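Each remark here refers to the structure printed beneath this line.
The values are calculated or read from the model by the stated rules, or taken from the named source; none is laboratory data. These figures come from a predicted structure and were not determined experimentally. Because the Cβ atoms are built from the backbone with ideal geometry, glycine has one as well, and the counts that use them run over all protein chains shown. Just the protein is used for accessible areas: all its heavy atoms, side chains included, with ligands, DNA and RNA removed. Shrake-Rupley method; radii C 1.70, N 1.55, O 1.52, S 1.80 Å.
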Amino acid sequence: MTAQAEPSDLPDLPEATTADTVPGVPSQRGGPAVDSPGGRLGSEGRVLNVFSHGVLLLWGLMVTLPLLWAVMSAFKTDKEIFTSPWALPTSLHFDAWGRAWSQAHMSQYFLNSVIVVAGSLFGTMLLGSMAAYVLARFDFPGNRFVYFLFVGGMSFPIILALVPLFFVMKNMQLLNTYPGLILVYIAYSLPFTIFFLSGFFKTLPSSVAEAAMIDGASHTRTFFQVMLPMAKPGLISVGIFNFLGQWNQYLLPTVLNVGDEDKKLLPQGLVALAVSQGYKGDWSGLFAGLVIAMLPVLAAYIVFQRQVQAGLTAGALK
């Protein structure tokens, strides 16, 4: 039989302790503690997370507080605006909204903006999507030249084209007309629309278009019935951006829409209201007109915010 070793015959082994195996725990033998790389990264990540959330919170307050202040002031009287500008209104006063809508002709300006922006937005999305689809899906001589020609239009300042644009519109007898402003808005918005949608159309699968062509669909039918519905997130995203730019456009209608008071757009009317109400002292009516001008923009973004986010991230995800 093999003799069993006595405990005294076994070699001395170092005792394993938690401090010897787990980094970051002080050693019981007096050695220095080992910092955990994961712990350092975790603390840095928490600090960065807190900093980024703080910046976003500050930015959100900077954007939201002026908007809330304008809405709150629209329900106050002029005396309350000056005596307690940051306090809530004692009671809701709606007479300022009526003055801004009827006496300041904001209703007419609002209707004019709806007519012009609706026509220009439809034309921009139709022509822009068709041009972007051709440039993104078809190879032909001069494809890249035409594409970069459109992209170069985004870098051209519109203020440099105001004087020649005025005389061109005058020679075509399009000054102070809805069609003239609609055509100018379309030309102004096409470069960004084509740039945005051409990149989006490239991400769509080619197999679907090829299957439609095999089934006998023409290029026109393939575009309108197959590819255009697939590009709905991108169309909504660029449509929202175009709507914001065209609705808030002030420089172009000021130059091309002069002399006719009944055809002024909402930004022009809002500036005229600010000048006139500044002399009259009707500040509550001015804030009411400002909120009236902002409501369509806020409503459009609130309704389509998910589609906008989906359209902006679709190209990266695919």
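Filtering segment 177-218 to residues that are among the aromatic types (Phe, Trp, Tyr), surrounded by 19 or more Cβ atoms within 10 Å (Cβ to Cβ) and farther than 22 Å from Met230 by Cα leaves Tyr185, Tyr188. Can you find a residue in segment 135-142 that is small (Gly, Ala, Ser), over 15 Å from Ser189 (Cα atoms) and touching a helix residue (DSSP H, G or I) at 6+ places or on another chain (Cβ under 9 Å)? Yes, the conditions are met somewhere in segment 135-142.
When residues of segment 28-48 are filtered for being open to solvent by 80 Å² or more (accessible area, probe 1.4 Å) and either within 24 Å of the chain's Cα centre (by Cα) or at pLDDT 70 or above (or both), how many remain? It would help to see each step written out before you state the result.
Here is the first cut: in segment 28-48, the ones open to solvent by 80 Å² or more (accessible area, probe 1.4 Å) are 28-29, 32, 34-35, 40-41, 44, 46-48.
If we keep only those that are either within 24 Å of the chain's Cα centre (by Cα) or at pLDDT 70 or above (or both) too, we end up with 44, 46-48.
Residues flagged as open to solvent by 80 Å² or more (accessible area, probe 1.4 Å) and either within 24 Å of the chain's Cα centre (by Cα) or at pLDDT 70 or above (or both) within segment 28-48 amount to 4.
Has segment 121-141 got at least one residue that is over 17 Å from Ile182 (Cβ atoms), among the acidic types (Asp, Glu) and not in a loop (DSSP other than H, G, I, E, B)? So far as segment 121-141 goes, no, none of its residues is over 17 Å from Ile182 (Cβ atoms), among the acidic types (Asp, Glu) and not in a loop (DSSP other than H, G, I, E, B).
In segment 277-303, of all residues being open to solvent by 40 Å² or more (accessible area, probe 1.4 Å) and of a type in the set (Ser, Thr, Tyr), the one that is nearest to Asn112 (Cα to Cα) corresponds to Tyr301. Taken together, Val208, Val226, Val168 contain a single residue that is under 25 Å from Val255 (Cα atoms) and assigned to a helix (DSSP H, G or I), which is Val168. Among the criteria (1) open to solvent by 80 Å² or more (accessible area, probe 1.4 Å); (2) touching a helix residue (DSSP H, G or I) at 6+ places or on another chain (Cβ under 8 Å), the one Phe148 does not fulfil is (2). Residue count for segment 193-210, restricted to those that are over 26 Å from Leu244 (Cα atoms) and modelled with pLDDT of 90 or more: 0. Hey, does segment 151-169 have a residue that's more than 19 Å from Val258 (Cα to Cα) and in contact (Cβ under 8 Å) with a residue 60 or more places away in the chain? Taking every residue of segment 151-169 in turn, none turns out to be more than 19 Å from Val258 (Cα to Cα) and in contact (Cβ under 8 Å) with a residue 60 or more places away in the chain. Considering segment 60-104, the residues that are in a helix (DSSP H, G or I) and of a type in the set (Val, Ile, Thr) include one that is surrounded by the most Cβ atoms within 10 Å (Cβ to Cβ), namely Ile81.
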